[in-house]
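The values are calculated or read from the model by the stated rules, or taken from the named source; none is laboratory data. Every value quoted in this text rests on a predicted model; they were computed, and no experiment measured them. Quick reminder, even Gly has a Cβ in these numbers, built from the backbone with ideal geometry, and neighbours come from all protein chains shown. Just so you know, the surface numbers come from the protein's heavy atoms only, side chains and all, with ligands and any DNA or RNA stripped out. Shrake-Rupley method; radii C 1.70, N 1.55, O 1.52, S 1.80 Å.
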Amino acid sequence: MVNFIRSLFESALKTNQYLQFAVITGCLRISKESIFTGLNHLNIISILDKKYSEHFGFTEEEVYRMMSYYEVESRFSTMKEWYDGYLFGDMEVYNPWSVIKFLYDLYSDVGAFPHPYWINTSSNDIIKELIVRADRETKGQIERLLEGGTLDIQVHEEVTYEDMYSNGENLWNFLYFTGYLTKESEYFKESSIFLRARIPNIEVKTIYQNTILNWMKAVIKKEDFHDLYRAMEDGNAQRMSDILNGQLFKTISFYDSAENFYHGFLTGILSQSENYLVKSNREMGNGRSDILVKSPSLRGRSFVLELKVSGSIADLENDAEKALQQIYDKRYMEELRAEGYRKIDCYGISFFRKDCEVRFGKRQD
């Protein structure tokens, strides 16, 4: 295919006396051009170049003028948080597709919610491959990016699709040149250009998070969690802690939305049982419990689980106790009793990064 396209472009561009110049657009090179005959000596202008950088997307001034024209400039801060963040050359640039889509929605309803519009324009297989192939170091790098941190990468502008998985550095370059990362700054070191890269905005972070959650669900489905349920039924809090800690160590976490992450993590694991029904965020007693697990039979077992996210590793044990006490203080067991359950176990669980602590409460019969 490369040979065919090269010969096609050679005829259309290089030996065509009726064409003065042409512009070919795309996010990455398909292959390296030849230095010999055929289509060669192309002038490559990338998102690192300062020349033409304002033409890779919408500038902030252009976005604000568009929003003012449609009288929706009150939502400019949301537009900026979700779709800004790209630095091409020295120019701050917005994602043009997402800006147009959000502006279209705002014109109908100024209170419209933002969406990750870009996620529907491609398969995002590159993110899936990154996560599936991730080793311990790569997982740590992904977590750092999701926390709002940066990653230093050496620039390889000559990288092509076939080079993508040859090493980790090429993969990060690919993510940068395709818009999943952007530069915060650049520096020159040992005859090479280096970038300090980050996730550009909320829209792209959402793509990472959704991909990670889907990957987690796929991984969890392959696991056997009979030991976890056996520990729950036996009131073995230490065994539960060990199993959950092992799962946390293997996954990729994002801590800026830690409560939702841990809630989804635990709900996904517990939902693998064929013997119990799992409900989350049910209205119970004087408040809302985090997770409710119950047997289809009223004569079977049921469990109330309350989760907390700790601010430090030192708070884990105390927060697990607080979570357990909250179940009793807010009477989260009352709805289960009203349904007819008599065997109700209570668990308080606290999380801090890759660690968790579980506390078992007095059984309610």
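For this structure, a couple of remarks:
- Test: residue in segment 219-236 that is small (Gly, Ala, Ser), touching a residue at least 24 places away in the same chain (Cβ under 8 Å) and touching a Ser or Thr at 6+ places or on another chain (Cβ under 7 Å): no
- In the set (1) of a type in the set (Val, Ile, Thr); (2) in contact (Cβ under 8 Å) with a residue 12 or more places away in the chain; (3) not in a loop (DSSP other than H, G, I, E, B), Val110 fails one condition alone, (3).
- Checking every residue in segment 341-361 against the condition of being open to solvent by less than 50 Å² (accessible area, probe 1.4 Å), touching a Gly at 6+ places or on another chain (Cβ under 8 Å) and at pLDDT below 90 gives at least one match.
- When Thr78, Thr138 are screened for being of a type in the set (S, T, N, Q) and touching a Pro at 6+ places or on another chain (Cβ under 7 Å), only Thr78 passes.
- Some residue of segment 305-316 being over 31 Å from the mean Cα position of the chain (by Cα) and without any contact (Cβ under 8 Å) to a residue 60 or more places away in the chain: no
- Scanning segment 248-267 for residues that are open to solvent by 20 Å² or more (accessible area, probe 1.4 Å) and in a helix (DSSP H, G or I) yields Phe249, Lys250, Glu259, Asn260, His263, Gly264, Thr267.
- Unmet criterion (only one of (1) within 14 Å of the chain's Cα centre (by Cα); (2) farther than 24 Å from Phe249 by Cα; (3) open to solvent by less than 20 Å² (accessible area, probe 1.4 Å)) for Ile119: (3)
- Condition met for Lys128 (basic (Lys, Arg), under 24 Å from Ala218 (Cα atoms) and either open to solvent by 60 Å² or more (accessible area, probe 1.4 Å) or not in a helix (DSSP H, G or I) (or both)): yes
- Within segment 179-224, tally of residues that are outside any helix (DSSP H, G or I) and of a type in the set (A, V, I, L, M): 5
- Residue check, Arg29 of a type in the set (Lys, Arg), under 29 Å from the mean Cα position of the chain (by Cα) and either more than 25 Å from Ile207 (Cα to Cα) or modelled with pLDDT under 95 (or both): yes
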